[in-house]
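Here it is, the structure, as structure tokens.
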Amino acid sequence: MRLAWLLFLLPACAGPREDPEPPPPEQTPEDLRVVGDIHFLAAASATYRALITIESSSMEELLDAENRLPEDVRARVAVHASAGQQIADMWLEQEPDNAEAHLLATSLLGFEGIAKGKLSAFLEGIPNRMTRACAKLIELDETVRSAGPLQVQGRFRTIVPFPYRQLDTAIRSLERARGIAPVKQTLYFLGDAYAWKGRMGEAERTWRAALVAPSSERTEKLAGYIDQLVEQRLAMLK
């Protein structure tokens, strides 16, 4: 696989370069998918590791921890969100209607919003862009990569601030995703949506199911982090 040129978009792997040459046009969508997934996992891992360490005194604080990420973590997430979106754009130039490419772009746009924080994300129109991107993604194929499009929409509608937060929409999306592929990340997200809605019995059952659920291929490397986040929520219920 001809991935060497793509390393110019991996800041952790390559130092500063002068006058970088543009990538050759013959790179395949599969090449782009692989490197895009590297950036997605880097952004997600940095976020989840930080969430585990943030202290919370209530369930609401715990559920809202994405909005309390340290600045150095936000900066790291922003780097990978930006680089990954460049990869997704290259992929979409070749395959404009590829649902996996749209999923990559939309997921990383969500991480860009997390990295910027509530106010900056709102001022830069990221919630509006996410709304349009999620609609397009679900229209293309809601089942791709273990119902990834429904996962993304459900999480976005759960953690985004008012007036974009729509918990009923989030729950419907995530319950539909569970019906398609009851994987660990979907159940973690769904438990959070139930908890925000005050449906704590369903939240607890769903989180417990997440602990024993399989991971999707896309998020298998995040499984340990997700389990720790779920265990924190269950501990808060005691």
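Evaluate the charge dipole of the chain about its Cα centre and quote only its size in Debye, nearest 20, assuming +1 on the Cβ of each Lys and Arg and -1 on the Cβ of each Asp and Glu.
The dipole of the chain has a size of about 940 debye.
Excluding residues on the same chain fewer than 8 positions from residue 238, give the lysines whose Cα lies under 16 Å from its Cα.
Reachable lysines: none.
Given [x] 18.6, 58; [y] 17.5, 57; [z] 21.4, 63 as candidate values of Rg and Dmax of the Cα atoms in Å, which corresponds to the one derived from the coordinates?
Label of the calculated value: [y].
Place a +1 charge on the Cβ of each Lys and Arg in region 190-229 and a -1 charge on the Cβ of each Asp and Glu, then give the dipole magnitude about the Cα centre in debye, rounded to the nearest 20.
100
So, one more: Can you tell me the orientation of helix 223-237 relative to the chain, as the angle in degrees between its alpha-carbon axis and the longest Cα principal axis, to the nearest 10?
Taking Cα atoms only, the helix is inclined about 20 degrees.
Here's another thing I want to ask about it. Counting other beta carbons within 10 Å of each Cβ, put 173, 82, 146, 120 in order, fewest first.
120, 82, 146, 173
Then there is this: Would you calculate a helix-derived [θ] at 222 nm for the chain, using -39,500 (n - 2.57) for each DSSP H run of n ≥ 4 and dividing by the full residue count, to the nearest 500?
Calculated at 222 nm, the ellipticity per residue is -22500 deg cm²/dmol.
Here is a further query. Kindly list the residues of region 51-75 that lie in the label zone of residue 120, defined by a backbone N under 14 Å from the point 7 Å along the Cα-to-C-beta vector.
Counting only backbone N, you get 67-75.
Once the dipole of the chain is set up with Lys and Arg at +1 and Asp and Glu at -1 on Cβ about the Cα centre, which of 237, 44, 207 lies farthest towards its positive end?
Working it through, the farthest residue towards the positive pole turns out to be 237.
As I understand it, the dipole of region 73-133 uses +1 on the Cβ of Lys and Arg and -1 on the Cβ of Asp and Glu, about the Cα centre. Which of 123, 107, 87 lies farthest toward its positive end?
123
Using 0.36 nm times the number of residues separating residue 227 and residue 49, minus their current alpha carbon distance, what extension gain do you get?
62.9 nm
May I ask you to sort 204, 60 by Cβ crowding, counting other Cβ atoms within 10 Å and putting the fewest first?
60, 204
Something else: Mind checking the full-extension length gain between residue 236 and residue 143? Use 0.36 nm per residue of separation minus the Cα-Cα distance, one decimal, nm.
30.2 nm
Residue separation times 0.36 nm, minus the C-alpha to C-alpha distance between residue 64 and residue 204: what's the value?
Stretched fully, the residue 64-residue 204 segment lengthens by 48.7 nm.
List every residue whose amide H lies under 5 Å from the amide H of residue 124, counting only residues 5 or more places away in sequence or on a different chain, with H placed 1.01 Å from N in the peptide plane.
none
Coordinate-derived values only; no laboratory data. The structure presented is a predicted model; accordingly, all values stated were derived computationally and were not measured. Cβ: placed from backbone, ideal geometry, glycine included. Neighbour counts: every protein chain shown.
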